[in-house]
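Participant: I am attaching a structure below and will ask some questions about it afterwards.
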Amino acid sequence: MAENSVAIIPGSFDPLTNGHVDVIQRALRIFDTVIVSVLSNSSKDCLFSVEERLRLIRDSFREEQSRVQVKTFTGLLADFARREGARVIVRGLRAVSDYDYEVQMALMNRSLNDELETVFLVTRKRNSFISSSLVKQVAALGGDVSSMVPPLVGQALQSRFDKEKKK
Ligand code: PNS
């Protein structure tokens with residue numbers, strides 16, 4: 001492995017889940033630095049603002065802050081990776097249903113930036129059913145998501161939906 005290897009872990013992270021945390025932690029075993037890269041996309045309907053998502057990720061990885069950078073990006077991921085000097089994108093694979101979309105993205109990113117490789121890490125079985133969208137749905141309906149997200153994210157979801165109930 002080259003010295004100071006850098007990998008980008010991109011996503012919407014709306015919000016960070018234990019599935020993301022697992023992929024980030026396992027990427028840290030392979031790469032020196034990971035850049036958790038939050039897509040800032042005004043057209044996508046997100047529950048949390050980019051600033052809130054960045055803060056939740058930073059606070060959840062406070063103890064690893066020397067190796068986990070948390071940044072936002074707009075535009076093409078392939079261009080962002082070039083600007084950051086990263087040649088590897090890490091994505092988590094939960095199930096076969098993720099495969100087609102993920103391979104399509106990997107091929108598209110490589111066609112846009114020939115130096116870019118995508119590495120897939122298969123999530124732990126216990127996280128394989130967790131997605132940000134399902135977590136939001138369950139939390140909005142009052143379900144317990146405490147085993148699916150970091151504690152800070154659980155608190156943020158609770159206060160967001162408590163506020164909405166009071167409206
Ligand atoms: O967590 P998500 O929503 O599955 O992440 C998707 C993400 C952010 C990785 C993807 O939408 C992305 O890279 N968007 C940036 C725009 C881009 O580069 N598109 C072309 C390559 S597919």
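Participant: Could you tell me which numbered condition SER66 fails, if it satisfies all but one of (1) more than 12 Å from PHE13 (Cβ to Cβ); (2) within 12 Å of the ligand (Cβ to nearest atom)?
Facilitator: Here SER66 clears every test but (2).
Participant: How many residues does the stretch 121-143 contain that are touching an Asp or Glu at 6+ places or on another chain (Cβ under 7 Å) and part of a helix (DSSP H, G or I)?
Facilitator: Residues meeting the conditions: 2.
Participant: For residues that are among the polar types (S, T, N, Q) and assigned to a helix (DSSP H, G or I), scanning just the stretch 107-120, find the one that is nearest to the ligand (Cβ to nearest atom).
Facilitator: ASN109
Participant: State yes or no: is ALA139 buried (at least 18 other Cβ atoms within 10 Å of the Cβ), within 10 Å of the ligand (Cβ to nearest atom) and not hydroxyl-bearing (Ser, Thr, Tyr)?
Facilitator: So ALA139 does not fit the description; no.
Participant: Report the residue count in the stretch 54-90 for those that are assigned to a strand (DSSP E or B) and not hydroxyl-bearing (Ser, Thr, Tyr).
Facilitator: Number satisfying all stated conditions: 8.
Participant: Now, a different point. Select, from PHE80, PHE48, PHE73, the only residue that is out of contact with any Gly (no Cβ under 6 Å at 6 or more places or on another chain), more than 9 Å from the ligand (Cβ to nearest atom) and within 30 Å of ARG160 (Cβ to Cβ).
Facilitator: Answer to the selection: PHE48.
Participant: How many residues does the stretch 6-22 hold that are over 9 Å from the mean Cα position of the chain (by Cα) and either within 15 Å of the ligand (Cβ to nearest atom) or open to solvent by less than 10 Å² (accessible area, probe 1.4 Å) (or both)?
Facilitator: 4
Participant: On to the next question. Are there any pairs, at least 6 apart or on different chains, whose C-beta atoms fall under 6 Å, with the first in the stretch 23-44 and small (Gly, Ala, Ser) and the second in a helix (DSSP H, G or I) and open to solvent by 10 Å² or more (accessible area, probe 1.4 Å), and if so, which?
Facilitator: SER40/VAL50
Participant: Looking only at the stretch 23-33, which residues are away from the ligand (no atom under 14 Å from the Cβ) and buried (at least 20 other Cβ atoms within 10 Å of the Cβ)?
Facilitator: Once the filter is applied, which keeps residues that are away from the ligand (no atom under 14 Å from the Cβ) and buried (at least 20 other Cβ atoms within 10 Å of the Cβ), the stretch 23-33 yields ALA27, PHE31.
The values are calculated or read from the model by the stated rules, or taken from the named source; none is laboratory data. Just so it is clear, the model here is predicted, and its values are computed rather than measured. Quick reminder, even Gly has a Cβ in these numbers, built from the backbone with ideal geometry, and neighbours come from all protein chains shown. Remember, those area values only see protein heavy atoms, side chains included, never the ligands or the DNA or RNA. Shrake-Rupley method; radii C 1.70, N 1.55, O 1.52, S 1.80 Å.
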